[in-house]
Number of protein chains: 2
Amino acid sequence: MDARVKPSPSPLQALDLSAWMDERLGAVERALSSWVTSDAPAGLDHGAPAELVQAMRYAVLDGGKRLRPLLVMAASEALHGHSVAALRAACAVELIHAYSLVHDDMPCMDNDVLRRGKPTVHVAFGEATALLAGDALQALAFELLTPDNDAQLPAAMQARLCRLLARAAGSSGMAGGQAIDLASVGCALSEKQLRDMHELKTGALLKGSVMMGAASGQTTLAQWQALEDYGAAIGLAFQVVDDILDVTADSETLGKTAGKDAAAEKPTYVSVLGLERSRAYARELLGQALHALERAALPHDGALRALADMVVNRSN
Amino acid sequence: MDARVKPSPSPLQALDLSAWMDERLGAVERALSSWVTSDAPAGLDHGAPAELVQAMRYAVLDGGKRLRPLLVMAASEALHGHSVAALRAACAVELIHAYSLVHDDMPCMDNDVLRRGKPTVHVAFGEATALLAGDALQALAFELLTPDNDAQLPAAMQARLCRLLARAAGSSGMAGGQAIDLASVGCALSEKQLRDMHELKTGALLKGSVMMGAASGQTTLAQWQALEDYGAAIGLAFQVVDDILDVTADSETLGKTAGKDAAAEKPTYVSVLGLERSRAYARELLGQALHALERAALPHDGALRALADMVVNRSN
């Protein structure tokens, strides 16, 4: 293991991650439930149609690890950031993640009928409604970031959060990565090509989560760059570990079909590097993430440290 | 005809609409072509994958009336608004419109194979790429509204434009209207239900275009509300005239299949009101739009007047 994996503990490294997470997850769940509704927003005559909103709620609520919202909030708290900005950004990034899963599951993409043990959105609501629900979730993400009341969330922060989210989600981020993923099925990729794909497909939004949290507070340029390095390292580590679990865990532990990537002839870290080198790479990335946090020298980075560890050492 | 349809001409009502439009359309086309690219945005390591960007460009460039960008620019110019904001907003709203057409044409929605005489995006690039191209176009719209350089576009204006666009595009706007449209096929709708559907499906983004133009400048509250009334009236008029043309124009003039709504058993203004009452309603809405502009009393409203007239008196 890389010597940097276990730096000297910071005062808050001993934080109770489970209690910390429970509190944030509760706040995110309540906020999502209150924001994904058919209530007419102020200034509009109409609310959203009920069935569309049902599909949106089905896609978003009661499911998922919520890793992205946790990263937003951990980064924000490390900097004593703006708490309203952090909660809105946490929910916005989760809406983008949720819409991407809805569209990804559709027959023209991965054609999945189950997610988290439930029928996927297009199975439950039909393909057209799934398509529209995904589209509407993306728009809602930007709506959450731009509340009418500037006093609630300063306009400059609203603009900065929208900028980070749009770039993380779009053609040079998540959507771009999915396009490369589509094109790569059945292809032999080099390690660099695989990394480039994942830096966009999953990495951009994970790193974007960290940076949106950072944007809710004040950083020096050096701290900002160190947090970018942290976000990039855990973004990639997340995917490497996903690929490892796809071959080592059973479907029950995983909560989804194990061995699916291999069956779909998708190039993975395990297929390119082998299992042992993939494990070593995940540990190396954890080391890089923790090293970046040391450089950032933030007062309260315990949750960011713990989340990096969780990403690499998770079992599902 | 409503007596308000022909108010006394303002000094600029005699503007040469054709020359005015050509200049703006050229600027929008050049800007869209420069922004829908695979260049890596500042701060990101990667550009977008080439095939995805090709599909996005195919969906956006060389086509369409560009009514929404023209409305943004006309409203902005009426107020001497911020020209960078107006151009970015004009392109952003067109990207949202373009993505909605890509998704609308897909087999699970309208299943159209031709648009503007060309194969639709999913026919030319495959369904998965069409889905992702639409998703990426929506994200790019918000990216255009949030340039890195606040001096180029003040942050408060960035935030306000994002807010207006997100609401116009989402579940209480365009996407919501499409969901109602889906649910209404084969149903008998009342005139009110039809109006509610269209106020969301096409009206929200047309009105949103006017309001984004207005947000690029300064207005009084009364002017803002008058422009909302103008935008709502032409948004609805656009749809009424669409429904009239669907039964009165031939496919060649229309540039799309005439009689399609009737064939698809979609409720339309003509099916609910009849042809003559639909025509009278379009004229009444034009009168309302022009009356709203009189109330707004903007110094240079010639283009807004001319566009309202064009929306109602167009032949395709």
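Taken together, the values in this text are just the output of simple stated rules run on the coordinates, not laboratory data. These figures come from a predicted structure and were not determined experimentally. Glycine also receives a Cβ, built like all others from the backbone with ideal geometry; neighbour counts cover every protein chain displayed.
Among the residues of the stretch B:177-184, is any farther than 20 Å from residue B:73 by Cα, at the interface with chain A (Cβ under 7 Å from one of its Cβ atoms) and β-branched (Val, Ile, Thr)?
Yes, that holds for at least one residue.
List pairs: first in the stretch B:53-79 and at positive phi and more than 14 Å from chain A (Cβ to nearest Cβ), second surrounded by fewer than 24 Cβ atoms within 10 Å (Cβ to Cβ) and aliphatic (A, V, I, L, M), Cβ under 9 Å, 6+ apart or cross-chain?
Sorted first by the residue in the stretch B:53-79, then by its partner, the pairs are B:64/B:101; B:66/B:21; B:66/B:25; B:66/B:28.
Looking only at residues in the stretch A:269-287 that are in contact (Cβ under 8 Å) with a residue 60 or more places away in the chain and not small (Gly, Ala, Ser), which one is farthest from residue A:187 (Cα to Cα)?
It comes out as A:286.
More than 15 Å from the chain's Cα centre (by Cα) and among the small types (Gly, Ala, Ser) - does that describe any residue in the stretch A:97-119?
There is at least one residue in the stretch A:97-119 that is more than 15 Å from the chain's Cα centre (by Cα) and among the small types (Gly, Ala, Ser).
What residue, among those in the stretch B:197-223 that are more than 19 Å from the chain's Cα centre (by Cα) and without any contact (Cβ under 8 Å) to a residue 40 or more places away in the chain, is farthest from residue B:277 (Cα to Cα)?
My answer is B:220.
List the helices (runs of 4 or more DSSP H) inside the stretch A:120-190, counting only whole elements, that have at least 3 residues being hydrophobic (A, V, I, L, M, F, W, C) and under 30 Å from residue B:185 (Cα atoms).
Filter on the stretch A:120-190 gives A:121-125, A:127-144.
Would you confirm whether or not the stretch A:189-197 contains a residue that is more than 28 Å from residue A:268 (Cβ to Cβ) and surrounded by 21 or more Cβ atoms within 10 Å (Cβ to Cβ)?
no
Restricted to the stretch B:185-197, and to residues that are touching a helix residue (DSSP H, G or I) at 6+ places or on another chain (Cβ under 9 Å) and charged (D, E, K, R), which residue is nearest to the other protein chains (Cβ to nearest Cβ)?
Taking the candidates together, the pick is B:196.
Are any residues in the stretch A:120-156 at the interface with chain B (Cβ under 8 Å from one of its Cβ atoms), polar (S, T, N, Q) and closer than 21 Å to residue B:132 by Cβ, and if so, which ones?
Residues satisfying the conditions are A:129, A:138.
Any idea which residue in the stretch B:203-213 is surrounded by the most Cβ atoms within 10 Å (Cβ to Cβ), counting only those that are more than 9 Å from chain A (Cβ to nearest Cβ) and in contact with a Lys or Arg (Cβ under 8 Å, 6 or more places away or on another chain)?
B:209
Can you say whether residue A:270 is of a type in the set (A, V, I, L, M), within 16 Å of residue A:316 (Cβ to Cβ) and more than 14 Å from chain B (Cβ to nearest Cβ), as far as the supplied structure shows?
no
Give the residues of the stretch B:157-176 that are of a type in the set (A, V, I, L, M, F, W, C) and facing another protein chain (nearest Cβ under 7 Å), sorted by residue number.
If the condition is that a residue be of a type in the set (A, V, I, L, M, F, W, C) and facing another protein chain (nearest Cβ under 7 Å), then B:159, B:162, B:166, B:169, B:175 are the ones that fit.
Could you check the stretch B:231-316 for helices (runs of 4 or more DSSP H) lying wholly inside it with 2 or more residues that are within 18 Å of the chain's Cα centre (by Cα)?
B:275-296, B:302-313
What's the total number of residues in the stretch B:80-118 that are in contact with a Gly (Cβ under 7 Å, 6 or more places away or on another chain) and within 13 Å of another protein chain (Cβ to nearest Cβ)?
Qualifying residue count for the region: 4.
Could you say which residue among B:102, B:84 is assigned to a helix (DSSP H, G or I), in contact (Cβ under 8 Å) with a residue 24 or more places away in the chain and out of contact with any helix residue (DSSP H, G or I) (no Cβ under 7 Å at 6 or more places or on another chain)?
Testing whether each residue is assigned to a helix (DSSP H, G or I), in contact (Cβ under 8 Å) with a residue 24 or more places away in the chain and out of contact with any helix residue (DSSP H, G or I) (no Cβ under 7 Å at 6 or more places or on another chain) leaves just B:84.
Test residue A:113 against the stated conditions and say whether it is among the β-branched types (Val, Ile, Thr), without any contact (Cβ under 8 Å) to a residue 40 or more places away in the chain and out of contact with any strand residue (DSSP E or B) (no Cβ under 7 Å at 6 or more places or on another chain).
no
What single numbered condition from (1) facing chain A (nearest Cβ under 7 Å); (2) out of contact with any Leu (no Cβ under 6 Å at 6 or more places or on another chain); (3) farther than 19 Å from residue A:53 by Cα; (4) among the hydrophobic types (A, V, I, L, M, F, W, C) fails to hold for residue B:200?
It fails just one condition, (3).
Select, from B:163, B:88, B:167, B:115, the only residue that is basic (Lys, Arg) and surrounded by fewer than 24 Cβ atoms within 10 Å (Cβ to Cβ).
After applying the criteria, what remains is B:115.
Within the set of pairs 6 or more residues apart or between chains, which connect a residue that is more than 18 Å from residue A:177 (Cα to Cα) inside the stretch B:122-148 to a residue that is surrounded by 24 or more Cβ atoms within 10 Å (Cβ to Cβ) and polar (S, T, N, Q) with Cβ atoms less than 7 Å apart?
Within 7 Å, the pairs are B:145/B:158; B:146/B:158.
Please verify whether residue B:217 is under 22 Å from residue B:74 (Cβ atoms) and more than 9 Å from every other protein chain (Cβ to nearest Cβ), treating the condition exactly as stated.
In short, yes.
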